[in-house]
Amino acid sequence: MKLSSQAQAFVLHFGEMGSRWGFNRTVGQMFALLTIHPTPLNAEQLAQALKISRGNVSMGLKELQAWRLVELHHQPGDRKDYFTAAGSIWDLARTVFEERRKRELDPTLSLLRQLLLNEPQDELDAQAQEKIQEVYSLLELLEEFANTLSKLEHQDLLKLMKLGSGIVKLLELKSKMTGGQSSSN
């Protein structure tokens, strides 16, 4: 299978972005290809298109399945497994966000809760615990916000995102009108 130059640029970039999202370059490339390809692909097709080994494809597909980002399909008369991206772009973004939250935010909040249960042993411990509480409060607020966003339909989420810059402008205007005082003062 030959990729167009545009598809190849997209796939290569997603490979580089994959490491920032929590999976390796090859998995990012596989995810990108499955996302833009109009029909389900099997492991051989992925290996050929990306010029990687079948073993690498197999491991990558397992990782994408663990992330819930691909769906398995079967074709009549063919014993091979075929894969597609699991849903719309909005569904995929939501899934990546939810998986990252489970893998990163939840364990961090759990650790911080445990640390906050300990009584400070001295002034240095008390100061550290105060900062830990600030981090915990911020992350907990972020989690509440993320939970709210994850419940929105993609049309409502899109509207909210478009409102974002307007809200910033409104807050800037409010700040100018009140002489630069922020709401935290």
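The values are calculated or read from the model by the stated rules, or taken from the named source; none is laboratory data. These numbers were taken from a predicted model, which means no experiment stands behind them. With ideal geometry, Cβ positions are generated from the backbone for all residues, glycine too; neighbour counts draw on all protein chains shown. Remember, those area values only see protein heavy atoms, side chains included, never the ligands or the DNA or RNA. Shrake-Rupley method; radii C 1.70, N 1.55, O 1.52, S 1.80 Å.
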In the stretch 14-48, how many residues are among the acidic types (Asp, Glu) and at pLDDT below 90? 0
Does any residue of the stretch 92-107 turn out to be over 27 Å from Glu143 (Cα atoms) and either modelled with pLDDT of 95 or more or part of a strand (DSSP E or B) (or both)? no
Within the stretch 56-63, identify whether any single residue is open to solvent by less than 40 Å² (accessible area, probe 1.4 Å), among the hydroxyl-bearing types (Ser, Thr, Tyr) and part of a helix (DSSP H, G or I), and answer yes or no. no
So, in the stretch 1-32, exactly how many residues are assigned to a loop (DSSP other than H, G, I, E, B) and either more than 15 Å from Thr95 (Cβ to Cβ) or basic (Lys, Arg) (or both)? 5
Would you point out the residue of the stretch 68-99, among those that are touching a helix residue (DSSP H, G or I) at 6+ places or on another chain (Cβ under 7 Å) and among the basic types (Lys, Arg), that is nearest to Leu33 (Cα to Cα)? Arg68
When the residues of the stretch 33-54 are filtered to those that are open to solvent by 50 Å² or more (accessible area, probe 1.4 Å) and in a helix (DSSP H, G or I), which remaining residue is nearest to Trp67 (Cα to Cα)? Ile36
Would you mind finding the one in Ile52, Ile89 that is of a type outside the set (Phe, Trp, Tyr) and either under 23 Å from the mean Cα position of the chain (by Cα) or at pLDDT below 95 (or both)? Ile89
Sole residue being closer than 28 Å to Glu63 by Cβ and not acidic (Asp, Glu), chosen from Ser175, Ser165, Ser150, Ser137: Ser150
Selection from the stretch 74-89 of residues that are under 19 Å from Phe23 (Cα atoms) and open to solvent by 50 Å² or more (accessible area, probe 1.4 Å): Ile89
Answer residue from the stretch 117-176, given it is among the hydroxyl-bearing types (Ser, Thr, Tyr) and out of contact with any Lys or Arg (no Cβ under 9 Å at 6 or more places or on another chain) and is surrounded by the most Cβ atoms within 10 Å (Cβ to Cβ) among those: Ser175
